[in-house]
Amino acid sequence: MNATTIRVLYIDDEENNLHAFKASFRRQYEIYTALSADEGLKILENVSVQVIIADQKMPNTTGVEFFKNIKHTYPDPTRILLTGYTDIEALADAINHGDIYRYITKPWNDLELHNSIKNAYDAYKSKIDLRNKVAELEKTNDELNRFIYSISHELRAPLVSAMGIVNLVKMEGLFHSSGEYWGLIETCSNRLDYYIQKTLQYYKNNKTISENTAVDFKKLVSDLIELYSYTDKDMHFNVNITQNEPFFGDAFRIEVILGNLISNAIKYQKETELNKNVNITIEVQPTQVNIAINDNGMGILNEHLEKIFLQFFKSKINHGSGLGLFIVKEALNKINGKIAVSSNSIEGTTFKITIPNVK
Amino acid sequence: MLSKYKRVMLIDDNEVDLKINSKIITISKLFDEIILCQSGEEALNYLSRNLREEDKLPDFILLDIQMPEMDGFEFLEIFKRLPSPITEKCIVAILSSTLDFGDIKKAEANPHVIRLFKKPLFPKELEEVLAKYL
């Protein structure tokens, strides 16, 4: 016998049947037999079997009753019920409450029973495999969550310290004291920080279940403008928000979407433009919100328009991460939003978004 | 030279950040005196030791979240049970590099925290908040 010996417990009050079963199958399986449910239970306590066959008609405890009793204590072994033709009621009961895999009528046919045991074992095995896989995935998931948490803190904390030092250097008037080195350090640090933030956004967008709360667009947009226009004070914002009714949606994803688009509008300006403009128009309706974000920046080349939402797409002229718009699109997909873009070098770029109001 | 406000307490397990942030506060002349604590315990000890000495208590506390043993939230739990002269006098803001949504939500929901500053600390941001609360 090889390593994958199938252990079968057969319970029947007729000893002849037990003998016959052993005679037919002892070469294929490791067989345990019991004359009653009580005896069967004792065997289960000591041996882990994969398949249980029980006769329905037994004094004291019937096969179905036995299966019902062990449903919670021994949920894993696959169950086969042996029964006469007429026991329709027992069968219904067995299927509804005893969690049986198959029933076999007596007298059994050796080949049929053999196949049933083999199939029952396969069912047992897939159940266990699936459970192991689920446990494994849960563990991986848990580790990933902790990993992300440590990215958001452990990995970022020293970077942020370095950024703090650069700020100090500026405050002490030493920023230009070493040629352009401090500036380069600042650029690198900001870039790394940007990647960490985008990675987290992407991950959170994938993992987090949508949670709908009230969204106040006026507050959200003014917070985001304050956050991203920090570096560029001579930018002019025309914000036009009409919100006469409550809007409910996924606040986290909406913030990610608007944040990425607003920061792009600020970032990709023409250097020569004296009158840098970003126009944000938001109109809340009962069924959806319409958002338009327009800038008079450098614009997007026509042949690039189709690719801008792809992961890691970057154009040669501007130095993005290739993640911002990809994340915007992914986040919109999760909340059934839509996005359209039009752009040319004269009028700049306009993104139009609709997001359903789920109130 | 006299600064705008008297005393600030920095609580952070990270020595580098303590150094950076105290330097930023010194240069921007926001406080006369800076109390540095490397852990929540150290800060609590200082506060309870100087319970009755008005001129030793900080007006403002900048608290880090992730610290070993006692984190920022645990510190706040004990802090809020300190006698009222302290809890009334000392205004607490969090200063953290966290991007974790849970941490941010928790900090914003805490009634004893007036503001969550993200590292790196910008003196201008700090100044605006101080003008509002002190």
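Laboratory data are not the source of any read-out in this text; all were calculated from the coordinates shown. Everything numeric in this text was worked out from a predicted model, so none of it was measured. Ideal geometry is used to build each Cβ from the backbone, glycine not excepted, and the neighbour counts take in all protein chains shown.
Points worth noting:
- Its Cα centre serving as origin, region B:5-133 has a Cβ charge dipole (Lys and Arg +1, Asp and Glu -1) of approximately 420 debye.
- For residue A:277, distant residues with modelled amide H under 5 Å away: A:236, A:296
- Under 15 Å, Cβ to Cβ, from residue A:354 - net charge with Lys/Arg +1 and Asp/Glu -1: +3
- Relative contact order (%) - criterion: Cα under 8 Å, at least six apart; region: region A:289-359: 46 percent
- Average beta carbon contacts from partner chains per residue of B:11-20, 10 Å cutoff: 3
- A Förster distance of 25 Å, applied to the separation of the beta-carbon atoms of residue B:29 and residue B:52, puts the FRET efficiency at 0.30.
- Residue-by-residue Karplus 3J(HN,Hα) for region A:329-346, coefficients 6.51, -1.76, 1.60, Hz, glycine and proline x: 5, 4, 5, 5, 4, 5, 10, 6, x, 10, 9, 9, 9, 9, 7, 8, 6, 8
- Evaluated with a Cβ-only charge set (Lys, Arg +1; Asp, Glu -1), chain A carries a dipole of roughly 760 debye about its Cα centre, given to the nearest 20.
- Among A:62, B:26, A:4, A:350, sorting on how many other beta-carbon atoms sit within 10 Å of each Cβ, with the fewest leading, yields A:4, B:26, A:350, A:62.
- Relative to the compact-globule estimate of 2.2 N^0.38 Å, the Cα radius of gyration of region A:69-192 comes out at 2.38.
- Coupling constants for region A:131-140 follow from the phi torsions by the Karplus curve (6.51 cos²θ - 1.76 cosθ + 1.60, θ = phi - 60°), and in residue order they are 5, 4, 4, 4, 4, 4, 5, 4, 5, 4 Hz; glycine and proline get x.
- Cβ-Cβ distance of residue A:170 and residue A:125, R₀ of 60 Å, FRET efficiency by 1/(1 + (r/R0)^6): the value works out to about 0.40.
- Inter-chain Cβ neighbour count for A:150-161, averaged per residue, equals 5 (cutoff 10 Å, partner chain atoms only).
- Unit charges on C-beta of K, R, D, E only; dipole of region A:210-356, Debye: 320 debye
- Expected 222 nm ellipticity per residue - DSSP helices of 4 or more, -39500 (n - 2.57), all of the protein assembly as shown, to 500: -14500 deg cm²/dmol
- Across peptide B:61-68, the mean count of Cβ atoms from other chains lying within 10 Å of each residue's own Cβ comes to 1.
- Rel. contact order, % - alpha carbon contacts under 8 angstrom, at least six apart, region B:1-95: 32 percent
- log₁₀ of I(q)/I(0) at q = 0.19, 0.20 Å⁻¹ - region A:210-356, Debye sum with one point per alpha carbon: -1.20, -1.32
- Listed residues A:336, A:290, A:323: farthest to the positive end of the dipole of region A:210-356 (Cβ charges): A:323
- For region A:163-236, Kirkwood radius (reciprocal of mean inverse C-alpha pair distance, Å): 15.5 Å
- Quarter of the Cα convex hull surface for the protein assembly as shown, i.e. its orientation-mean projected area (nm²): 37.2 nm²
- Classified by the C-alpha gyration tensor, region A:17-120 has a rounded form. Its axis ratio a/c, with a ≥ b ≥ c, is below 1.5.
- Only one residue of A:115, A:58, A:82 has its Cα farthest out toward the positive end of the dipole of region A:56-127, where Lys and Arg carry +1 and Asp and Glu -1 on Cβ, and that residue is A:115.
- With viscosity 0.692 mPa s and temperature 37 °C, the Kirkwood radius over alpha carbon pairs of region B:5-133 converts through Stokes-Einstein to a diffusion coefficient of 225 µm²/s.
- Value of relative contact order over region A:6-108, rounded to a whole percent, pairs C-alpha under 8 Å and six or more apart: 25 percent
- ³J(HN,Hα) computed for each position of region B:7-13 - Karplus, 6.51 cos²θ - 1.76 cosθ + 1.60, integer Hz, glycine/proline x: 10, 10, 10, 9, 10, 7, 6
- Burial ordering of B:94, A:165, fewest other beta-carbon atoms within 10 Å first: A:165, B:94
- Ranked A:142, A:99, B:100, B:59, criterion: other C-beta atoms within 10 Å, fewest first: A:142, A:99, B:59, B:100
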